[in-house]
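S.K.: Structure incoming, see below.
The values are calculated or read from the model by the stated rules, or taken from the named source; none is laboratory data. The structure displayed is predicted, hence computed values, not measured ones. Heads up, the Cβs are rebuilt from the backbone with ideal geometry, glycines too, and the neighbour counts pull from every protein chain shown.
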Amino acid sequence: MSGWGKHNRAHRRGQLDFAGEADYCSHVSPTVFRDGPLVTRFGIWLAIEDEELFLDYDHFPWFQGATIAAVCAVEMPAKGHLYWPELDVDLELESIRRPEDFPLVAK
């Protein structure tokens, strides 16, 4: 089963509302990502190593309106650091885990 099985089960129970508007990325590094990013109308789910993280568009506005290809082109140039070259976005994993501790400085 895909790493997103937990989210699919939650969706069937009505706990998540993807409303049929979710896209999966299939071309990512399997050494870093368990599954490709899951892009929904609310944000992006990332399955990194043993962790699932959510980037909501309120805290991470750079991804709203981005193409699926641009979101899927994510790299991990260093441990704990993600980079989206097509969007020129750099994020530390800690800022995704606790976005309230890292206010936006640029839009």
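S.K.: Tell me, which residue of segment 80-107 that is touching a residue at least 24 places away in the same chain (Cβ under 8 Å) and assigned to a loop (DSSP other than H, G, I, E, B) is farthest from E49 (Cα to Cα)?
M.R.: By that ranking, first place goes to K107.
S.K.: For segment 58-79, does any single residue satisfy the condition of being surrounded by fewer than 18 Cβ atoms within 10 Å (Cβ to Cβ), part of a helix (DSSP H, G or I) and among the basic types (K, R)?
M.R.: no
S.K.: Another question, then. Cβ-Cβ under 8 Å, sequence separation 6+ or interchain: first residue in segment 67-79 and in contact (Cβ under 8 Å) with a residue 40 or more places away in the chain and under 18 Å from Y57 (Cβ atoms), partner assigned to a loop (DSSP other than H, G, I, E, B) and of a type in the set (S, T, N, Q). Which pairs?
M.R.: Short answer, once both residue conditions are applied: C72/S26.
S.K.: Evaluate the following for W45: is it closer than 27 Å to F102 by Cα, modelled with pLDDT of 85 or more and in contact with a Pro (Cβ under 7 Å, 6 or more places away or on another chain)?
M.R.: So W45 fits the description; yes.
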